[in-house]
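Heads up: the structure comes next, in structure tokens.
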Amino acid sequence: MLVVLTGGTGGAKLVQGLSLEINPEDLVIVCNTGDDFVLHGLQISPDLDTITYTLAGIGDAERGWGIKDDTFAALEMLGRYGGETWFKLGDRDLATHITRSRLLREGVSLSEITDRIRRVLGVKATIIPMSDDRVETRLVTAAGEISFQEYFVKRHWKDEVKEVSFAGAERSQPAPGVLDAIRRAEAVIVCPSNPVTSIAPILAVPGIRKVLQATQSPVVAISPIVQRLALSGPAHRLMAAAGHEASAAGVAKAYADFLDTIIIAPEDKDLKERIEAMGVETVVSSIRMDSLDDKRRVAREVLASLK
Ligand code: GDP
Ligand code: FO1
């Protein structure tokens, strides 16, 4: 069994590749929920949904989020009523948020809801939120403290970020099965997700970092940064704001206390020596995943690095 730590869009590419290269029933995916928020009175868990929809074969691969061929009639009507329309919730996607919100109100845990949704959608891999408790990524900017979705979607990541924090993390517990899965895993894979807003929230849940440090099984990460820039989104800026060097070496350093191996891009091969000096084995390979073939190839590269 392999454990995968992931956020949404970047992570989903590798998760999809892995699910095609091994038996998906052998995958336990621990997913970030720091981006979760409430809109229109609904509980939205973007990263859980991106991973679930991708593995169910109904994700919109082009956008990287939502359901393919979804329509936006409800959003248009919400706008007429004066509701917020900056976060594009599709009609089919809304059904997921309505169902999740109803079950949460009935007292069902987020991890149980996530499991029910993935089973209904025919997903064979196990998907677990990092915690059933509310942990919220908050960004301190010149415009004040805002949530991740306000920063990322509403304000198009234009604000300068001074600080990133995970409200509620200290009091949170890992969701049932997370620590046990990491302890039993043959290997742990850290996806090329945003180190600051997708992986750091998972590591901030008490106990998770400790079991990663303790495991004897290999832990391998894939860099989301190539030549000091994220392949999409603001990871490079957020890394600098969080005090990390925005590079594959900075990613390795952020995880060095539990990481055995990192896969970096050929353009970054000059960083290999510096990263290996941190005690992290470095594999140089193409890590861009534009096509399905790329996703499978990178997944095979990850699996080969475990041998
Ligand atoms: P989010 O939750 O939607 O932000 O998604 P993630 O955090 O999982 O992924 C965002 C990260 O994925 C960004 O930092 C990108 O640099 C990275 N990313 C996107 N596409 C690729 C790719 O094809 N290869 C690699 N190595 N990283 C990628
Ligand atoms: N990202 C956007 O850039 N714009 C959107 O309107 C948007 C809507 C959306 C709806 C449902 C969902 O599950 C994800 C959505 N995302 C959207 C993506 C989301 O903001 C990010 O992928 C993650 O939260 C980053 O981790």
Rg over Rh, two decimals, the chain (C-alpha only, Kirkwood Rh): 0.94
Greater than 29 Å apart at Cα, pairs in Lys158/Lys210; Lys124/Lys295; Lys124/Lys269; Lys210/Lys307; Lys154/Lys253: Lys158/Lys210; Lys124/Lys269; Lys154/Lys253
Neighbour-count order for His156, His97, fewest beta carbons within 10 angstrom listed first: His156, His97
Relative contact order (percent, whole number), the stretch 131-235, Cα cutoff 8 Å, 6+ residue spacing: 27 percent
Among Asp115, Asp93, Asp180, residue whose mean-square fluctuation peaks in a GNM of the chain (springs only between Cα atoms under 10 Å): Asp180
Selection from Val251, Val15, Ala143, by position along the positive dipole direction of the chain (Cβ): Val15
10 Å binning of all Cα-Cα separations within the stretch 144-293, expressed as whole percents from 0 upward: 11, 38, 35, 16, 0
Partner aspartates and glutamates for Lys13 [C-alpha distance under 15 Å; skip if fewer than 8 residues away on the same chain]: Glu21, Asp47, Asp49, Asp60, Glu62, Asp290, Asp293, Asp294, Glu301
Max mean-square fluctuation residue, GNM over the chain, Cα-Cα springs under 10 Å, options Ala56, Ala95, Ala221: Ala95
When the stretch 238-304 is reduced to its Cα atoms, the Kirkwood hydrodynamic radius in Å: 12.6 Å
³J(HN,Hα) computed for each position of the stretch 60-72 - Karplus, 6.51 cos²θ - 1.76 cosθ + 1.60, integer Hz, glycine/proline x: 8, 5, 5, 6, x, 8, x, 9, 5, 6, 5, 10, 10
Label-point separation in nm, Tyr81 to Ser286, each point 7 Å along Cα→Cβ: 4.9 nm
Exposure proxy ranking, count of Cβ atoms within 10 Å, fewest first, for Leu42, Leu55, Leu203: Leu42, Leu203, Leu55
Residue order, fewest to most surrounding Cβ atoms within 10 angstrom, among Lys158, Lys272, Lys295, Lys210: Lys158, Lys210, Lys272, Lys295
Peptide ranges 12-18, 33-39 listed from the most packed, as the mean C-beta count within 10 angstrom indicates: 12-18, 33-39
Degrees separating the helix 9-21 axis from the principal Cα axis of the chain, which is the longest one: 70 degrees
Contour excess over end-to-end distance, with Cα ends at Lys88 and Met278 and 0.36 nm allotted per residue: 64.2 nm
Listed residues Val153, Val140, Val178, most fluctuating in the chain (Gaussian network, C-alpha, under 10 Å): Val153
Contact order normalised by residue count of the chain, Cα under 8 Å, 6+ apart, percent: 20 percent
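Just so you know, all these numbers are worked out from the coordinates, no wet-lab data involved. Worth saying up front: this structure is predicted, and the values here are computed from it rather than measured. Note: ideal-geometry Cβ built from the backbone for every residue, glycine included; neighbour counts use all protein chains shown.
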